[in-house]
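Student: Below: one structure in structure tokens.
The values are calculated or read from the model by the stated rules, or taken from the named source; none is laboratory data. This one's a predicted model, so the numbers in the text were calculated from it and none came from an experiment. Methodologically, a virtual Cβ is constructed for each residue, glycine included, from the backbone with ideal geometry; neighbour enumeration extends over all protein chains shown. Only protein heavy atoms, including side chains, enter the accessible area calculation; ligands, DNA and RNA are left aside. Shrake-Rupley method; radii C 1.70, N 1.55, O 1.52, S 1.80 Å.
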Amino acid sequence: MGFQTEFNSVCKFKSEQELYELLEYGRGKMVKKQFRVFPTGQKVIAYAPDNRAVAIVRIVASIAEINFQGEEVTQVEMELIRKLTDEESRVQTALAHEMFFGEQHA
């Protein structure tokens, strides 16, 4: 058991449904496996499951717990600040691929 630290500028969705709810209603939640630390109160870039930058969000809450199945999970609640423009998305997606999502070289 231990906490895994997230990059302070990345909030990557694994579920299209969770991302849809955020973009549609302006508030949303995602559930991540394992205990993680998210920067509560900070603005971060939200990424779709295909690693495409889509929005700026503010992390409202980060709750780490053991669920009823005995799994370590972290629930991250956020509010939508705004969707990214096409140009912003293109640039942020390219940078994130190079910095976070691309192949790791030793």
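Student: Give the residue that is least open to solvent (accessible area, probe 1.4 Å), with candidates limited to residues of the stretch 59-88 that are without any contact (Cβ under 8 Å) to a residue 12 or more places away in the chain, within 22 Å of VAL37 (Cα to Cα) and part of a loop (DSSP other than H, G, I, E, B).
Tutor: So in the stretch 59-88, the residues without any contact (Cβ under 8 Å) to a residue 12 or more places away in the chain come out as 65-70, 85-87.
Filter once more, so that each one left must be within 22 Å of VAL37 (Cα to Cα): 65-70.
After this cut, where a residue has to be part of a loop (DSSP other than H, G, I, E, B) as well, the list is 67-70.
Working: ASN67: 39, PHE68: 211, GLN69: 137, GLY70: 55 Å².
Here the residue is ASN67.
Student: Related question: Within the set of pairs 6+ apart or on separate chains, which have a first residue in the stretch 18-37 that is farther than 15 Å from ALA61 by Cα, a second that is part of a strand (DSSP E or B) and among the β-branched types (Val, Ile, Thr), and C-beta atoms under 9 Å apart?
Tutor: GLU18/VAL31; LEU19/VAL54; LEU23/VAL54; LYS33/VAL73; LYS33/THR74; GLN34/VAL73; GLN34/THR74
Student: Here is a follow-up. Mind listing whichever residues of the stretch 89-106 are open to solvent by 60 Å² or more (accessible area, probe 1.4 Å) and either closer than 26 Å to PHE35 by Cβ or of a type outside the set (A, V, I, L, M, F, W, C) (or both)?
Tutor: ARG90, HIS97, GLU98, MET99, GLU103, GLN104, HIS105
Student: Hey, among the residues in the stretch 29-58 that are part of a loop (DSSP other than H, G, I, E, B) and at pLDDT below 90, which one's nearest to the chain's Cα centre (by Cα)?
Tutor: For the stretch 29-58, the residue satisfying everything is PHE38.
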